Amino acid sequence: MGAKNKVMAGDYVGKSLIGTGGIIQIVVGFAKTVALDKTTVESYELVTDEHRKSAASGVARGLIGGVLLGPVGLLAGGLSAKNKGIYTIAISFKDGKKSLLEVDDKLYKSLIKQCF
């Protein structure tokens, strides 16, 4: 089973992600999208098993737990990370919003390019 290419937790939860011409967007409404690029994204972090395992430490909890929106984010991040080619990414937007995304290999690579 492939990645959902959706927002799993946080702001925009349940919204779909699309990639068109190398640009990744969250579909927030009819003909309304939020682009994921260096103009809108403050920071992003790939969530790995190591991050989840170390989340018990105070430093990691503050760093990752805040980005992932607490246990809900940790739970959502843990659902799919074991599948190869599926990435869980924590995004902090410049407007203060935060989202946890699940994306496939193609969208992940486009996101990295757009946010570099």
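Each value in this text was obtained by applying a stated rule to the coordinates, not by laboratory testing. The shown structure was predicted, so the numbers you read here are calculated from the model rather than taken from an experiment. A quick note on method: Cβ atoms are made from the backbone with ideal geometry, for glycine too, and the neighbour counts reach across all protein chains shown.
Give me the number: length gained by fully extending LYS109 to ILE18, i.e. 0.36 nm times residue separation minus the C-alpha to C-alpha distance, one decimal in nm.
Numbers: separation 91, 0.36 × 91 = 32.76 nm, distance 1.29 nm.
Computed gain between LYS109 and ILE18 is 31.5 nm.
Estimate the FRET efficiency between LYS38 and LYS4 by the formula 1/(1 + (r/R0)^6), using the beta-carbon distance for r and 25 Å for R0, to the nearest 0.05.
The pair LYS38/LYS4 has a calculated efficiency of 0.55.
By per-residue mean of other Cβ atoms within 10 Å, what is the highest-first order of 5-17, 28-40? Mind dumping the intermediate values first?
Details: 5-17: 19.0, 28-40: 13.2.
The peptides rank, most packed first, as 5-17, 28-40.
Could you pull out every one of the lysines with an alpha carbon less than 17 Å from that of LYS106, ignoring same-chain neighbours closer than 8 positions?
LYS4, LYS6, LYS84
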